[in-house]
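Here is the structure we will look at, set down as structure tokens.
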Amino acid sequence: MTTTLVSASQTRAAAGLARYLQRFAEAERAGTATSAAWLMPLRRAAMDRFAAVGFPTTRDEDWRFTNVSPIAQTEFRAAPTAPAPLPAEAIAPFLFPGLEGVRLVFVDGRFAPHLSSTGAAAGLVVRSLAEALTAERSVLQLHLGRYAEPQHDPFCALNTAFLEDGAYVSISAGTLLEDPIHLLYVSTAAGAPTMAHPRNLILTGENCQAAILEDYVSLGEGVHFTNSVTELVVGDNGVVSHYHLERENRQAFHISRLRSEQARSSTLTSHSVLLGGALVRRNMHPILAGEGGECLINGLFMPRGRQHMDNFMRVEHASPHCDSRQVFKGILDGQAHGVFHGRIIVHKDAQKTDAKQTNMNLLLSEEAQIDSKPQLEIYADDVKCTHGATIGQINEDAVFYLRSRGLSAAVARALLLFAFAGESLKRMKVAPVRRRLEQLVSEWLPQGNLLEGMD
Amino acid sequence: MLEIRNLHVTVNNRKILKGVNLSVKPGEVHSIMGPNGSGKSTLAHVLAGRDGYAVTEGTILYRGKDLLAMAPEERACEGVFLAFQYPVEIPGINGTYFLKAALNAIRKYHGQEELDAMDFLALVKQKMKLLDVDDRLLNRSVNEGFSGGEKKRNEIFQMAILQPSLAVLDETDSGLDIDALKVVAGGVNALRSPDRAIVVVTHYQRLLNYIVPDFVHVLVDGRIVKSGGKELALELESQGYAAVEAECRALAAASI
């Protein structure tokens with residue numbers, strides 16, 4: 001019986017793989033992939049890689065807690081080009097009050113210029129990756145695909161094989177960007193299952209200061225699959241913050257990867273807030289390549305119902321005197337499943353590494369589940385690496401304390417949950433982003449509406 | 001104001017209170033003293049409505065209403081306040097925000113308009129002076145990282161803001177140095193008024209030098225075994241609880 005089941009799912013997975021091979025062949029023939037012929041070897045190598053390994057299964061150590069067979073078994077197609085462009089009102093609910101800067105909007109994976117404002121800040125080049133593939137060819141040839149290696153992850157291979165559009169951001173040395181760059185990825189999710197493979201390349205020169213917000217949303221309630229990869233380079237002494245917000249619909253499959261490369265004495269703060277999606281996997285792979293770099297990865301994930309959210313960290317210390325911090329907080333309700341997998345790799349020469357990892361989780365129901373797995377690989381001898389994970393419930397002593405001062409049990413609980421999440425939100429320095437996220441998080445909490453009007 | 005009749009309470013199937021009777025009128029200050037494990041804190045928690053305390057017999061009337069039928073927040077809104085022996089640290093909730101939310105919840109309960117930020121701040125400033133409380137404490141998370149003395153002072157500060165009708169102080173004096181004790185006592189005394197009652201639960205007589213009670217009750221093994229005026233506290237101080245306990249045992253033996 002078991003054998004039959006296994007072989008049935010293997011057959012379905014094989015069928016899934018065959019579909020992607022066929023799509024790839026179609027794309028090659030149709031010439032969409034050949035618009036930038038120079039990219040073809042990269043795409044083909046990635047496709048070969050994907051064909052060789054296929055979708056990961058829970059037998060793969062890195063995917064032990066996340067079963068992606070629903071993705072493998074669903075037939076996704078690129079969304080057809082919309083007959084009419086999306087009206088501006090459609091995206092209005094997703095804009096951040098107070099964010100007036102550069103905004104790139106992608107609809108079903110394709111750049112939507114009429115919804116975007118590329119502005120004209122000195123030292124900043126922002127355009128769609130599709131344009132950049134030809135217009136910025138020499139830079140892209142140097143950087144695209146250099147950091148995010150398809151061999152690490154089949155989904156990264158898939159993204160590279162099918163990449164079509166995304167954001168290209170280049171910030172020249174010494175530029176201090178006042179306003180964050182808002183990258184909004186809209187899935188119309190109107191009918192049959194669609195997929196998009198957004199690919200972003202963000203290059204910042206020496207002494208830059210900038211903030212980037214990646215924001216994933218759905219308009220409709222349909223099934224869709226977002227598989228994004230972002231390569232982010234932080235130059236010497238740069239200070240960059242990156243925000244990733246997942247708020248797609250509850251049918252969405254969302255796999256994303258942030259691969260960052262930090263030069264000497266640079267600081268990267270990477271925030272990730274996962275609220276939406278049915279099956280979400282957030283991969284983060286920072287490499288501290290230059291001496292004296294600092295990297296903070298701050299994460300908040302709040303699955304409920306049957307949502308599954310997996311945070312997969314691979315933090316690499318490749319040079320001496322670098323600090324990394326991972327602070328992940330989970331609030332899990334219903335039958336939700338959360339995963340925190342934090343791997344720290346300290347290379348042989350990365351002496352004086354200071355790496356710390358914390359994962360704190362609140363389980364609000366009996367059926368919610370969290371798998372927390374730290375992993376240290378240390379090849380240097382003079383390092384400081386610590387990790388810790390906690391799993392708990394709401395502190396009933398605190399609930400009673402608040403109630404004894406007149407607050408209702410529901411308000412007390414909502415307040416305590418917001419306080420727990422608030423510690424993550426407080427680390428976000430860009431005020432308009434933080435304020436809006438505070439709002440989104442409190443709305444997402446059970447009975448979070450009670451917190452409204454209390455301030 | 002408060003009528004406790006024949007109160008029996010068990011915790012984890014252990015009998016802690018075994019028939020407590022207590023009558024507190026507006027304007028009075030009562031002190032409940034007793035050795036460790038006599039049930040003092042249990043009594044305080046039962047008054048505030050904490051879970052896990054099973055009342056197996058007896059009644060508590062507060063202003064003529066059945067206190068035991070009320071949720072903790074309802075009791076707070078009706079004017080019952082417990083100053084905790086061990087105030088809870090609540091990371092991530094700002095002290096001022098919390099107090100304003102609490103005060104406004106109580107005002108709302110009474111159909112009063114909620115205080116706006118300006119009026120609230122004025123009230124806070126006034127009470128801060130009274131209790132020698134630092135701004136610093138209010139701008140931090142509730143009780144987080146506070147010293148023992150700061151926590152106790154913060155309890156009395158909350159009490160001063162919320163202006164309860166019945167305040168129950170659970171070992172508010174323990175762990176305080178003499179200066180902090182004076183400040184705390186000053187805050188409590190400022191609250192004394194003909195329409196308020198205060199119940200001071202304490203192990204030591206020391207606090208009662210500063211908060212002078214009208215009545216002192218001695219709780220031993222879940223029962224009030226002796227009641228008297230403020231001089232009873234001094235008697236306990238000089239003779240210790242052992243003398244009272246021995247007296248009780250003798251009485252119990254005699255009655256068998």
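What is the distance, in nm, between label points placed 7 Å from the Cα along the Cα-to-Cβ direction at B:Thr10 and at B:Asp177?
So the label points at B:Thr10 and B:Asp177 sit 4.6 nm apart.
Suppose we keep just the alpha-carbon trace of segment A:264-366; what are its Rg and Dmax in angstrom?
15.0, 46
Counting Lys +1, Arg +1, Asp -1, Glu -1, what net charge surrounds A:Leu140 among other residues with beta carbon under 12 Å of its beta carbon? Could you put the intermediate results ahead of the total?
Values: positive: A:Arg127, A:Arg137, A:Arg146, A:Arg199; negative: A:Glu131, A:Glu136, A:Glu231.
Spelling it out: positives minus negatives among the neighbours equals +1.
Considering Cα pairs under 8 angstrom that are at least six residues apart, work out the relative contact order of segment A:345-392 and quote it in whole percent. Before the final figure, lay out each step's value.
Details: 66 pairs, mean separation 28.3, N = 48.
The normalised contact order for segment A:345-392 reaches 59 percent.
Using a Förster radius of 25 Å, what is the FRET efficiency between B:Tyr210 and B:His110 based on their Cβ-Cβ separation? Nearest 0.05, please.
Values: r = 32 Å, r/R0 = 1.26.
Efficiency at R0 = 25 Å is approximately 0.20.
In segment B:97-250, what percentage of the DSSP-assigned beta bridges are antiparallel, given to the nearest 5? Can you show the working numbers first?
Numbers: 5 of 10 bridges.
Restricted to segment B:97-250, the bridges split so that about 50 percent are antiparallel.
Students sometimes get this wrong: rank B:Met118, B:Met159 by accessible area, probe 1.4 Å, all chains present, largest first.
B:Met118, B:Met159
So which trypsin sites (Lys or Arg not before Pro) in segment A:258-307 are both in a DSSP loop and have at most 16 other Cβ atoms within 10 Å of their Cβ? Show your work: numbers first, answer last.
Numbers: sites: A:Arg259, A:Arg264, A:Arg281, A:Arg282, A:Arg304, A:Arg306; in loops: A:Arg264, A:Arg304, A:Arg306.
Sites meeting the loop and neighbour criteria: A:Arg306.
Could you list the trypsin sites (Lys or Arg not before Pro) in segment A:48-136 that lie in coil according to DSSP, counting only those with at most 14 other Cβ atoms within 10 Å of their Cβ?
Values: sites: A:Arg49, A:Arg59, A:Arg64, A:Arg77, A:Arg103, A:Arg110, A:Arg127; in loops: A:Arg59, A:Arg64.
Loop-located and lightly packed - A:Arg59.
Report the antiparallel proportion of the DSSP beta bridges in chain A as a percent, rounded to a multiple of 5.
Working: 8 of 136 bridges.
Here the antiparallel bridges make up roughly 5 percent for chain A.
From largest accessible area down, sort A:His114, A:His285, A:His152; use a 1.4 Å probe on the protein chains. Numbers along the way, then the final one.
On the way: A:His114 105, A:His285 0, A:His152 80 Å².
The residues order as A:His114, A:His152, A:His285, largest area first.
Work out from phi, with θ = phi - 60° and the Karplus expression 6.51 cos²θ - 1.76 cosθ + 1.60, the ³J(HN,Hα) of each residue of segment A:239-244, listed in order in whole Hz, and give x for Gly and Pro.
10, 10, 10, 10, 10, 10
With a cut-off of 8 Å between alpha carbons and a minimum separation of six or more residues, what is the relative contact order of chain A in percent? All intermediate terms of the calculation are to be shown ahead of the outcome.
Working: 1109 pairs, mean separation 41.5, N = 455.
Across chain A, relative contact order equals 9 percent.
Which far-off residues, 5 or more places away or on another chain, put their amide H under 5 Å from the one on B:Leu82, with H placed in the peptide plane?
Those lying under 5 Å, H to H, from B:Leu82 are B:Val168.
Sketch the reach of a paramagnetic label on B:Asp195 as a point 7 Å from Cα along Cα-to-Cβ, and name the residues of segment B:88-116 whose backbone nitrogen lies under 20 Å away.
Counting only backbone N, you get B:103-115.
Sort largest first and round to whole Å: the equivalent ellipsoid semi-axes of segment B:1-72, each the square root of five times a Cα gyration tensor eigenvalue. Can you show the working numbers first?
On the way: eigenvalues 70, 47, 22 Å².
Each semi-axis is √(5λ); the values are 19, 15, 11 Å.
Using the beta-carbon distance between A:Lys356 and B:Ala254 and R0 = 41 Å, what value does 1/(1 + (r/R0)^6) give for FRET efficiency, to the nearest 0.05?
Details: r = 67 Å, r/R0 = 1.63.
The calculated FRET efficiency here is 0.05.
Taking a threshold of 22 Å on the Cα-Cα distance, which of the pairs A:Lys426/B:Lys127; B:Lys40/B:Lys129; B:Lys40/B:Lys226; A:Lys426/B:Lys129; B:Lys40/B:Lys151; B:Lys65/B:Lys151 fall above it? Mind showing how you got there, number by number?
Working: A:Lys426/B:Lys127 29 Å; B:Lys40/B:Lys129 31 Å; B:Lys40/B:Lys226 14 Å; A:Lys426/B:Lys129 30 Å; B:Lys40/B:Lys151 20 Å; B:Lys65/B:Lys151 31 Å.
Violating the 22 Å limit, Cα to Cα: A:Lys426/B:Lys127; B:Lys40/B:Lys129; A:Lys426/B:Lys129; B:Lys65/B:Lys151.
Under 8 Å for C-alpha pairs, at least 6 residues apart: give me the relative contact order for segment B:83-220, rounded to a whole percent. Please list the in-between numbers first.
On the way: 155 pairs, mean separation 40.5, N = 138.
It rounds to 29 percent for segment B:83-220.
Relative to the longest principal axis of chain B, what angle (0 to 90°, nearest 10) does the C-alpha long axis of helix B:117-131 take?
Result, in degrees: 50.
Calculate, in nm to one decimal, what A:Leu376 and A:Asp349 gain on full extension: separation in residues at 0.36 nm each, minus their alpha carbon distance. Each step should come with its number before you reach the end.
Values: separation 27, 0.36 × 27 = 9.72 nm, distance 1.58 nm.
Computed gain between A:Leu376 and A:Asp349 is 8.1 nm.
For chain B, take every pair of Cα atoms, bin their distances at 5 Å starting from 0, and report each bin as a whole percent.
With 5 Å bins starting at 0, P(r) equals 1, 6, 13, 17, 19, 17, 13, 8, 4, 2, 1, 0, 0, 0.
Can you send over the solvent-accessible area of B:Val212, 1.4 Å probe, protein chains only, in Å² to the nearest 10?
Approximately 60 Å² of B:Val212 is accessible to the 1.4 Å probe.
Count the net charge of all other residues whose Cβ sits under 12 Å from the Cβ of A:Asn395, scoring Lys and Arg as +1 and Asp and Glu as -1.
Working: positive: A:Arg413; negative: A:Glu396, A:Asp397, B:Glu89.
So the surrounding residues net to -2.
What is the distance in Å between the Cα centres of segment B:152-221 and segment A:64-93?
Each part's Cα centre sits 63 Å from the other's.
Need one number: % antiparallel among DSSP beta bridges in segment A:122-244, to the nearest 5.
Working: 5 of 32 bridges.
Antiparallel bridges: around 15 percent, rounded to the nearest 5.
Rounded to the nearest 10 degrees, what's the angle between the helix B:178-191 long axis and the longest principal axis of chain B, both from Cα atoms, 0 to 90?
Orientation of helix B:178-191: about 80 degrees from the principal axis.
With a 1.4 Å probe and all protein chains in place, put A:Ser172, A:Ser128, B:Ser174 in order of accessible area, largest first. Could you put the intermediate results ahead of the total?
Numbers: A:Ser172 60, A:Ser128 5, B:Ser174 35 Å².
If we order A:Ser172, A:Ser128, B:Ser174 from most to least accessible, we get A:Ser172, B:Ser174, A:Ser128.
List the pair-distance distribution P(r) of the protein assembly as shown, using every Cα-Cα distance, as the percent of pairs falling in each 20 Å bin from 0 up to the bin containing the longest distance, rounded to whole percents.
Distribution as computed: 16, 39, 26, 16, 3, 0 percent.
If the cut-off is 18 Å between C-alpha atoms, which aspartates and glutamates fall inside it for A:Lys384, apart from same-chain ones fewer than 8 positions away?
In chain and number order, the partners are A:Glu291, A:Glu294, A:Glu316, A:Asp323, A:Asp349, A:Asp354.
Say a site is exposed when it is one of the GluC sites (Glu not before Pro), sits in a DSSP loop, and has at most 15 other Cβ atoms within 10 Å; what is then the longest site-free stretch of chain A? Could you put the intermediate results ahead of the total?
Details: sites that count: A:Glu75, A:Glu100, A:Glu178, A:Glu221, A:Glu366, A:Glu367, A:Glu452.
By the stated rule (loop sites, at most 15 other Cβ atoms within 10 Å), A:222-365.
In the neighborhood of A:Ser365, defined by Cβ-to-Cβ distances under 10 Å, what is the net charge if each Lys or Arg adds +1 and each Asp or Glu adds -1? Kindly include the intermediate steps, with their values, before the conclusion.
Numbers: positive: A:Arg304; negative: A:Asp333, A:Glu366, A:Glu367.
Local charge sum for A:Ser365: -2.
Just to confirm the filter: which trypsin sites (Lys or Arg not before Pro) across segment B:157-208 are DSSP coil and have at most 16 other Cβ within 10 angstrom of their Cβ?
Those that pass, being in a loop and sparsely packed, are B:Arg192.
Could you report the accessible area of A:Tyr379 in Å², rounded to 10, computed with a 1.4 Å probe on the protein chains as they sit in the structure?
In the full protein context, A:Tyr379 sits at about 140 Å².
The values are calculated or read from the model by the stated rules, or taken from the named source; none is laboratory data. Remember, it's a predicted structure, so these values are computed and weren't measured experimentally. Every residue, glycine among them, receives a Cβ derived from its backbone with ideal geometry; neighbour counts consider all protein chains shown. Heavy atoms of the whole protein, side chains included, go into the accessibility calculation; ligands, DNA and RNA do not. Shrake-Rupley method; radii C 1.70, N 1.55, O 1.52, S 1.80 Å.
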